[in-house]
1. Mind listing whichever residues of segment 16-45 are within 16 Å of S76 (Cβ to Cβ) and touching a residue at least 12 places away in the same chain (Cβ under 8 Å)?
2. What strands (runs of 3 or more DSSP E) completely inside segment 90-168 contain at least 3 residues that are surrounded by fewer than 16 Cβ atoms within 10 Å (Cβ to Cβ) and out of contact with any Leu (no Cβ under 8 Å at 6 or more places or on another chain)?
3. Could you tell me whether segment 208-215 includes any residue that is out of contact with any Cys (no Cβ under 7 Å at 6 or more places or on another chain), in a helix (DSSP H, G or I) and under 20 Å from I194 (Cβ atoms)?
4. Return the pair list, or none, for Cβ contacts closer than 7 Å from residues in segment 69-81 that are of a type in the set (A, V, I, L, M, F, W, C) to residues that are in a helix (DSSP H, G or I) and within 8 Å of the ligand (Cβ to nearest atom), at least 6 apart or on different chains.
5. Modelled with pLDDT under 95, in a helix (DSSP H, G or I) and not hydroxyl-bearing (S, T, Y): does that describe N400?
6. Being away from the ligand (no atom under 16 Å from the Cβ), in contact (Cβ under 8 Å) with a residue 60 or more places away in the chain, assigned to a strand (DSSP E or B) and closer than 30 Å to E140 by Cα, is that true of even one residue in segment 176-191?
7. Of all the strands (runs of 3 or more DSSP E) wholly in segment 328-393, which have at least 2 residues that are among the hydroxyl-bearing types (S, T, Y) and closer than 23 Å to K278 by Cα?
8. In segment 28-59, which residues are away from the ligand (no atom under 15 Å from the Cβ) and polar (S, T, N, Q)?
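The values are calculated or read from the model by the stated rules, or taken from the named source; none is laboratory data. Owing to the predicted nature of the structure, the values given are computational and were not obtained by experimental measurement. Note that we place each Cβ from the backbone using ideal geometry, even for glycine, and neighbour counts take in every protein chain shown.
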Amino acid sequence: FNDEPAQSAYQGNWTEICPVAALTSRQYRFISRPWDLDRTPSVCPGCSMGCNIQIDARNNRIGRFQSRENPAVDDSWLCDFGRFSFPNFQRQAPERPRIRRDARLEDVSYDEAIAFTVEALKRAGGQAAGWASLADTNEELVLFRRLFREVLRSPHLDHRSAALVDAEPDDMTLSIADIERLDHVVLLGGQEVIDAAPVLHLRLFKSERKGVHVLKVATGETKRALDAIPADAEAVGILATEANKTAAVDLQTKLQRKVKGSVRRLLVTTGPNGRGAKDLGILPHLGPGYVSLNGQAGKGRTEWPGAGLRALYVHESSPLHGFTPSDAESMWLPTLPLLVFHRFKPTALDEMAHVILPGHAFTEKDGTVTNMEGRVQRISRGLDADWVLEDWRVFQQIANGLGADWGYDAVADITAELVRSLPPYGALNRGERVLWSERG
Ligand code: SF4
């Protein structure tokens, strides 16, 4: 533009709205005519914003992610990070499960790999830990939690990679769409928040045009926000990443004392279903619905090395949000008697695993995910990988091998149980936000 390269984190939108198709994307150009595409409605796997997408595929290869308008979430925009993340979800050649015997990995059937896993988990029992991906569906998370808490009787569950202040429903009292209806919004951490959920930036632009005062402050500058917002403000919002929760809560408390109106916060979680993982109790010390485990808390991920654990089960659905070992974990993992790696794509963890179970990618699953504000949205299988046993079926077979009697026939059965056991999740049938005030 004007002989200068265009600079924007949202350039993919230009190709989508260009009325004469003069602007095209290099990744998609000449891949397919639009009418030859298989189009599947889903949700972007990039971050916790939960922008709605269409997976456009041809011959079982993803050609592009296109936006699918949801005014409450994305206003039909996608950021370039999310839009062009699709090559991460292209599948390579089919592969079989593998188990390690005599220090060598050998190909086996799912039944053999699951039987091997069951016997090894029996030996570990309550000393097994489980890490679930930020890109797992809610339905997978329900079964993963039940496998650990009810069947193995292990409290050592986590989805996080770092120690964070406890999550709670008050972290999402402000919805994405309501940002436009505020007087003032504080972007605590500035660019850090935008980087964590880029399409939020476009909502802030729109809000500014409507007269909302947007204030970007560093986490150490909360006094500036406190001074800038007048006492007669009617509706104030705070946006921050979950890593900056302490500063956000502190600012909210102080602002609430100063202004006459309401002060709400929205914390940007990590991954397309980090919020669902918190809601459903993939945490060492909280159960579904943020209930305390009352003395039955386990160890969180950062405490696992050196905690005397005998097994680790890692479930990973997306290369964008994988299990990257810390230095301490890199020393600890090779000492474990059992490492089960249930994943979409190979990583360095394959080299240490005793069992490798091929799993489906985010783009190959049916189910639901929950975005940062608590909106439960459906994702759908955009690609077929029929040689891969569905991840929830693997959890069920392992649980039943350990003595459970689960009888789910389809993802919909698990969704129905989720709604029954956690009534606020009834929101998923309406595409709405989970309202935790309905608890109890
Ligand atoms: S903001 Fe997040 S969910 Fe939306 S398109 Fe970008 S990466 Fe995907």
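1. Within segment 16-45, E16, R39, P41, S42, V43, C44 qualify.
2. It comes to 104-107.
3. Yes, some residue in segment 208-215 is out of contact with any Cys (no Cβ under 7 Å at 6 or more places or on another chain), in a helix (DSSP H, G or I) and under 20 Å from I194 (Cβ atoms).
4. W77/V199; L78/V199; C79/V199
5. So N400 does not fit the description; no.
6. no
7. 367-370
8. S32, T40, N59
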